[in-house]
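Single-structure report; data block below.
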Amino acid sequence: MLDLLVRNATLPDGRTGMSIAVRDGRIVETSAGLDAPAAETLDAGGLLVAPHFVDPHFHMDATLSYGLPRVNQSGTLLEGIALWGELKPLLTADALVERALAYCDWAVAKGLLAIRTHVDTSDPSLLAVDALLEVKRRVAPYLTLQLVAFPQDGVLRSPGGVDNLKRALERGVDVVGGIPHFERTMAEGAASVKLLCELAAERGQLVDMHCDESDDPHSRHIETLAFESQRLGLQGRVTGSHCTSMHSMDNYYVSKLLPLVAESGVGVIANPLINITLQGRHDSYPKRRGMTRVPELMAAGVNVAFGHDCVMDPWYGMGSGDMLEVAHMGLHVAQMTSQAGIRQCFDAVTANAARTMHLEGYGLEAGCEASFVLLLARDTVEAIRLRATRLKVYRRGKLLAETPASTAALHLEGRAPATDWMNARNR
Ligand code: FE2
């Protein structure tokens, strides 16, 4: 007897009429037309069932703090960092935990069940670190939270930076972070990459650095990150986040860089909503888009994922925890408008992001965790187009969230009520 049988589902790879059989929180079989007795049966009605969404890059210590203590007037990254500096002394653990838990509720409702969040380690009290470790424990029954020790003010630039970061790791933070482009010089940035990669290698931890989040084409810390990853045998365990300078780099240099990044097994995370907002701010016209070279990195064999980065914080006043909105922006900024390109953008917020986080048992095949989402869309392309309603969200075979389908009621003179043409169900 199964616990749950999902029938007549379309999967992200395009297979239709699929059944997913679940027992003890795991998928025991995924096959076409399977029917078997189950405690609960869900008819997907031909709609898309996808593994849950994954956000590989977020800042949960800052989320939902928009307007505290003031709004970012210039909208720049640097004013955001300064504003965060003003907010930090005012933070309390309770408020931080409360905001983070509220965001996790939003995430679950949107089928976002795994988040890698950076946590600022610059403050010697490690207040934010302790608060997010507490949040990680509290949400563990319904959401996987992975923490990155993130020295926002520069691990070498800020007094006690290395010590604070090490203490955060000792308290249980999962991943080693960094911000080489914010160190005082290029040389110091490179030294920080070396030091942090060595620390990760010593401790057997993953690496995820904010790397070259800048429009400066000469910000080339991704090269050092790739070199150190290879030198230390960290292939597949290191991620460069943002890498926006790559947008502005010389094409000849990039033709050498991309194979180097691929060879070193370094993954890249683009944050489309934030990159399109914060980059190019020093430009007049034409204004650069500033997002890293997503299709070219993918074509070179690099694992590229998309992150949300910010939701209502000193850097960004928008967002709702919807990774389909992230994918939607990503495909626009990268001009990935072919059907294959759109599907790649869906992968960037699901399978690729899961690979970045080293999530165990992710997917829809037998043996995977039964953590998936029924979307009001017929396929991944439509899911992104509509930022489709998450009709049902399951984690380990248990229903966590439901959102009803909604249809617009039209009141138009002289026209019979039309079916809602935007709604997948009515076509
Ligand atoms: Fe970030």
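The values are calculated or read from the model by the stated rules, or taken from the named source; none is laboratory data. Keep in mind that what you see is a predicted model, and the values were worked out from it rather than measured. No Cβ is skipped: glycine too gets one built from the backbone with ideal geometry, and neighbour counts run over all protein chains shown. Accessible surface is based on the protein model in full, side chains and every heavy atom, while ligands, DNA and RNA are left aside. Shrake-Rupley method; radii C 1.70, N 1.55, O 1.52, S 1.80 Å.
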If a residue has to be open to solvent by 90 Å² or more (accessible area, probe 1.4 Å) and among the polar types (S, T, N, Q) to count, how many in segment 282-297 make the cut?
0
Segment 1-32, residues that are under 26 Å from the mean Cα position of the chain (by Cα) and of a type in the set (Asp, Glu)
Asp13
Which of (1) in contact (Cβ under 8 Å) with a residue 40 or more places away in the chain; (2) at positive phi is the odd one out, the single condition Gly172 does not satisfy?
(1)
Given the options Gly17, Gly67, Gly80, name the one that is more than 22 Å from Ala140 (Cα to Cα) and either among the hydrophobic types (A, V, I, L, M, F, W, C) or assigned by TED's automatic domain parsing to the domain that holds Arg378 (or both).
Gly17
Within segment 204-281, which helices (runs of 4 or more DSSP H) (wholly inside it) include 3 or more residues that are open to solvent by 10 Å² or more (accessible area, probe 1.4 Å) and under 21 Å from Thr356 (Cα atoms)?
221-231, 251-263
Of Ser214, Ser245, Ser284, which residue is over 21 Å from Ala300 (Cα atoms), among the small types (Gly, Ala, Ser) and within 16 Å of the ligand (Cβ to nearest atom)?
Ser214
Please go through (1) on the phi < 0 side of the Ramachandran plot; (2) surrounded by fewer than 23 Cβ atoms within 10 Å (Cβ to Cβ); (3) within 16 Å of the ligand (Cβ to nearest atom) for Ser338 and return the number of the only condition it doesn't satisfy.
(3)
Conditions: (1) more than 25 Å from Ala262 (Cβ to Cβ); (2) away from the ligand (no atom under 16 Å from the Cβ); (3) in contact with a Pro (Cβ under 9 Å, 6 or more places away or on another chain). Ser122 meets all but one. Number of the miss?
(2)
Are there any pairs with C-beta distances below 8 angstrom linking a residue in segment 230-252 that is touching a residue at least 60 places away in the same chain (Cβ under 8 Å) and among the hydroxyl-bearing types (Ser, Thr, Tyr) to a residue that is within 16 Å of the ligand (Cβ to nearest atom) and assigned to a helix (DSSP H, G or I), with the two at least 6 apart or on different chains, and if so which?
Thr239/Thr356; Ser245/His181; Ser245/Ile222
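Conditions tested, residue by residue: (1) open to solvent by less than 10 Å² (accessible area, probe 1.4 Å); (2) closer than 28 Å to Leu196 by Cβ.
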{"site": "Leu83", "(1), (2)": "yes, yes"}
{"site": "Pro89", "(1), (2)": "no, yes"}
{"site": "Tyr103", "(1), (2)": "yes, yes"}
{"site": "His118", "(1), (2)": "yes, yes"}
{"site": "Asp123", "(1), (2)": "no, yes"}
{"site": "Arg138", "(1), (2)": "no, no"}
{"site": "Tyr142", "(1), (2)": "no, no"}
{"site": "Ala149", "(1), (2)": "yes, yes"}
I'm trying to understand the selection: among the residues of segment 305-327, which are more than 16 Å from the ligand (Cβ to nearest atom) and buried (at least 21 other Cβ atoms within 10 Å of the Cβ)?
Asp322, Leu324, Ala327
So which of Thr380, Thr407 ends up being surrounded by fewer than 17 Cβ atoms within 10 Å (Cβ to Cβ) and β-branched (Val, Ile, Thr)?
Thr407
Residue list for segment 93-117, restricted to those being within 15 Å of the chain's Cα centre (by Cα) and closer than 12 Å to Leu132 by Cβ:
Tyr103, Cys104, Ile115, Arg116, Thr117
Here is a check on your reading of the model: is Ala201 on the phi < 0 side of the Ramachandran plot, touching a Gly at 6+ places or on another chain (Cβ under 6 Å), surrounded by fewer than 21 Cβ atoms within 10 Å (Cβ to Cβ) and touching a residue at least 24 places away in the same chain (Cβ under 8 Å)?
no
Criterion: open to solvent by less than 50 Å² (accessible area, probe 1.4 Å), in contact with a helix residue (DSSP H, G or I) (Cβ under 9 Å, 6 or more places away or on another chain) and within 16 Å of the ligand (Cβ to nearest atom) - qualifying residue of Ala128, Ala168
Ala128
So which pairs qualify, if the first residue must be in segment 39-61 and without any contact (Cβ under 8 Å) to a residue 40 or more places away in the chain, the second must be within 16 Å of the ligand (Cβ to nearest atom) and open to solvent by less than 20 Å² (accessible area, probe 1.4 Å), the Cβ gap must be under 8 Å, and the two must be at least 6 apart or on different chains?
none
So which residues in segment 17-55 are among the small types (Gly, Ala, Ser) and within 14 Å of Leu376 (Cα to Cα), if there are any at all?
Ala44, Gly45, Gly46, Ala50
